[in-house]
Amino acid sequence: MIQLADADRFWQAVDKAMRAHSDHIIGWMKSPPQTNEIRRSNALIPGFHLIAKKTDLPLVMSEIGASTGLNLNWDLFAMEIDGPVWAPDDARVRLAPEWRGPLPPMADIKVLDREGCDIKPLNPNDAADRLRAEPDNRGEGAAITLSLWPGGEARNLGRMDFHGRWIEWF
């Protein structure tokens, strides 16, 4: 538990940092986030299975703020929860989230079309935009990492360019 004196010192440090870097922080807040995070598909996959099961209709995927389109391909990912695997057998991305509660039913899913748009896409020819897409400063492109359980050890699997192509495997 944080003691009140420690909490006060913490918030004083936060206040000092925010004031010292306010221009930088405000600049970042004016731009939509570039998360490029496939773990959001942990929520999408069960939801789309439920929708497909209830409607028995094919899906058309449309995403605003498409995060380089990674999550538009959720149906190509494997998702393992207590044994069942929701995905094609040849899935190259495997997700294994912690799940609580009942599982939605699995469905045969057909995606007819997928399109994504970004209201403020990054420009790969702009040095600042490239840096924004490379927040870890470990090389060109966005990092694809794997966190191991238990313990959270992180392993770098590869990097992707702005268009979702793999540019380097580790």
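Taken together, the values in this text are just the output of simple stated rules run on the coordinates, not laboratory data. Computed from a predicted model, the values in this text were never measured in an experiment. Cβ atoms come from the backbone with ideal geometry, glycine included; neighbour counts cover every protein chain shown.
Take the Cβ atoms of V85 and L146, set R0 to 25 Å, and the FRET efficiency comes out at 0.90. Once the Cβ-Cβ distance of L59 and E153 is raised to the sixth power relative to R0 = 41 Å, the FRET efficiency obtained is 0.70.
What FRET efficiency do you get for R40 and A7 if R0 is 30 Å and r is their Cβ-Cβ distance, rounded to the nearest 0.05?
Plugging the Cβ-Cβ distance into 1/(1 + (r/R0)^6) gives 0.45.
As a proxy for reagent exposure, M29, M18 were ordered by neighbouring Cβ count within 10 angstrom, fewest first; the result is M29, M18.
Near E63, the amide H atoms lying under 5 Å from its own belong to E115, G116, C117; only residues 5 or more places off or on other chains count, and H is placed 1.01 Å from N. Highest-first packing order for the peptide set 101-107, 44-50 is 44-50, 101-107, based on the mean count of other beta carbon atoms within 10 Å.
Ranked for footprinting exposure by Cβ neighbours inside 10 Å, fewest first, T145, T55 give T55, T145.
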